[in-house]
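J.: Structure in structure tokens, see below.
The values are calculated or read from the model by the stated rules, or taken from the named source; none is laboratory data. What you see is a predicted model; the values in this text were computed from it and never measured. Ideal geometry is used to build each Cβ from the backbone, glycine not excepted, and the neighbour counts take in all protein chains shown.
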Amino acid sequence: MLTDLGFLVVKIVLAGFLGLLFMGIMRKLAARLQHRIGPPVWQPFLDVIKLFSKESMRSKRESPYLILGPVISLASYVAVIFLIPIGGLPSFSFYGSLIYVIYLFLMGVAGYIIAGYASGNPYGGIGSSRELVQAFGFELPFIIALLVPALSTLSIEANWFFLYPLSFVAFLIAVQGELSLPPFHIPHAEQEIVAGITTELSGYKLGMFELAYAFKLFALSSIIAVIFLGGGSFWLFLGKTFLVVFLLTFLRVLFARLTIDQGLKFFWLGAAPLALLNLLIRVVIT
């Protein structure tokens, strides 16, 4: 019989596997919605295996602190998984744990920013500056929308979106920005800055960022599934996370990329007021 530590290890392995699977599903689904064939759903697994088996090239302009970027991001998003209640698996959720979740997501973004600036590549620097500016935009609705359903306990608990519809919409918009999905893939605009932050990265460093993104995708999908879709048993929870992935992919395909100023206006003048209004309603009612 597994101990709590064993369940937590299973939880992390499961989160990594499902995160990579969700990445593959998003690519395949986006391709189908755009009338393309697209890569197989297991392509992210092959990409990560290949990256960790390849040599990591080092540029003369690269700072020795670059490795901190992928390490901080990966560690932050893995730590988030411990705090999310996933279909009966044990978690470290407690009063005020939501504050730690918000902090860890901020640290994950900081890892990307550090790596871009430390790479010494101009595209990486531009990508980091865009990531920093965009973070100022999506963090406000992200934080407020999370606080609305969890105001009494400040922890991740099961709720339903129809109780907090405005926060649900605001959080979905913020998650698109957190994941750098269209229309908010401004820090990774391939047509302008190649791969942005990761332009100079290769080998295990890039592989760590791929894994970090997989954990982030799973964590955000799980938070939506629990806080806004009611959570439930493991299989019900899993079905709801797949539904979230489909919704995020649909929004990804539906919109074209915004400029950085348009993105900030969308967050501050669109998503943030929705979350604030729902917060005001929640405070008044309770």
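J.: Looking at the range 26-118, what helices (runs of 4 or more DSSP H) fall wholly within it and have at least 2 residues that are modelled with pLDDT of 90 or more, touching a Ser or Thr at 6+ places or on another chain (Cβ under 7 Å) and among the acidic types (Asp, Glu)?
T.: none
J.: Sticking with this one: Could you check how many residues of the range 38-58 are within 14 Å of Phe22 (Cβ to Cβ), loosely packed, with under 14 Cβ neighbours inside 10 Å and aliphatic (A, V, I, L, M)?
T.: Matching residues across the range 38-58 total 0.
J.: Looking at the range 169-195, which of its residues are of a type in the set (A, V, I, L, M, F, W, C), over 18 Å from Phe105 (Cα atoms) and part of a helix (DSSP H, G or I)?
T.: Val169, Ile186, Ile193
J.: From the list Leu201, Leu229, which one is aliphatic (A, V, I, L, M), in contact with a strand residue (DSSP E or B) (Cβ under 8 Å, 6 or more places away or on another chain) and touching a residue at least 60 places away in the same chain (Cβ under 8 Å)?
T.: Leu229
J.: Kindly list, by first and then second residue, each pair from a residue in the range 152-167 that is free of Cβ contacts under 8 Å to residues at least 24 places away in the same chain to a residue that is in a loop (DSSP other than H, G, I, E, B), limited to pairs with Cβ atoms under 8 Å and residues at least 6 apart or on different chains.
T.: Close Cβ pairs satisfying both conditions: Leu163/Pro149.
J.: In the range 151-160, what count of residues is obtained for those that are touching a Leu at 6+ places or on another chain (Cβ under 8 Å), crowded, with 18+ Cβ neighbours inside 10 Å and at negative phi?
T.: So the answer is 2.
J.: Shifting gears a bit: Please enumerate the residues belonging to the range 160-177 that are at pLDDT 90 or above and either farther than 11 Å from Asn278 by Cα or of a type outside the set (Phe, Trp, Tyr) (or both).
T.: Scanning the range 160-177 gives Pro165, Leu166, Ser167, Val169, Ala170, Phe171, Leu172, Ile173, Ala174, Val175, Gln176.
J.: List pairs: first residue in the range 21-45 and in contact (Cβ under 8 Å) with a residue 40 or more places away in the chain, second residue surrounded by 18 or more Cβ atoms within 10 Å (Cβ to Cβ) and not in a helix (DSSP H, G or I) anywhere in the structure, Cβ distance under 9 angstrom, at least six positions apart or on different chains.
T.: Partner pairs satisfying both residue conditions: Met26/Leu181.
J.: With in contact with a Pro (Cβ under 7 Å, 6 or more places away or on another chain) and surrounded by 15 or more Cβ atoms within 10 Å (Cβ to Cβ) as the only criterion, which of Gly69, Gly24 stands out?
T.: When all the criteria are applied, what remains is Gly24.
J.: Restricting attention to the range 122-156, report how many residues are closer than 17 Å to Val169 by Cβ, in a helix (DSSP H, G or I) and over 17 Å from the mean Cα position of the chain (by Cα).
T.: Qualifying residue count, the range 122-156: 1.
J.: Mind listing just one residue for me: the one in the range 125-139 that is in contact (Cβ under 8 Å) with a residue 12 or more places away in the chain and in contact with a Phe, Trp or Tyr (Cβ under 7 Å, 6 or more places away or on another chain) and, of those, nearest to Ile113 (Cα to Cα)?
T.: If we take residues in the range 125-139 being in contact (Cβ under 8 Å) with a residue 12 or more places away in the chain and in contact with a Phe, Trp or Tyr (Cβ under 7 Å, 6 or more places away or on another chain), then Ser128 is nearest to Ile113 (Cα to Cα).
J.: Scan (1) crowded, with 21+ Cβ neighbours inside 10 Å; (2) in contact with a Gly (Cβ under 6 Å, 6 or more places away or on another chain) for the single condition Leu98 breaks and write down its number.
T.: (2)
J.: Kindly indicate which of Ile114, Ile81 is buried (at least 18 other Cβ atoms within 10 Å of the Cβ) and under 15 Å from the mean Cα position of the chain (by Cα).
T.: The unique qualifying residue is Ile81.
J.: Okay, next question. Looking only at the range 76-118, count how many residues are touching a helix residue (DSSP H, G or I) at 6+ places or on another chain (Cβ under 7 Å), under 27 Å from Arg130 (Cα atoms) and not hydrophobic (A, V, I, L, M, F, W, C).
T.: Count: 7.
J.: I'm trying to understand the selection: among the residues of the range 210-243, which are buried (at least 21 other Cβ atoms within 10 Å of the Cβ) and among the aromatic types (Phe, Trp, Tyr)?
T.: Of everything in the range 210-243, those that are buried (at least 21 other Cβ atoms within 10 Å of the Cβ) and among the aromatic types (Phe, Trp, Tyr) turn out to be Tyr213, Phe215, Phe218, Phe228, Phe237.
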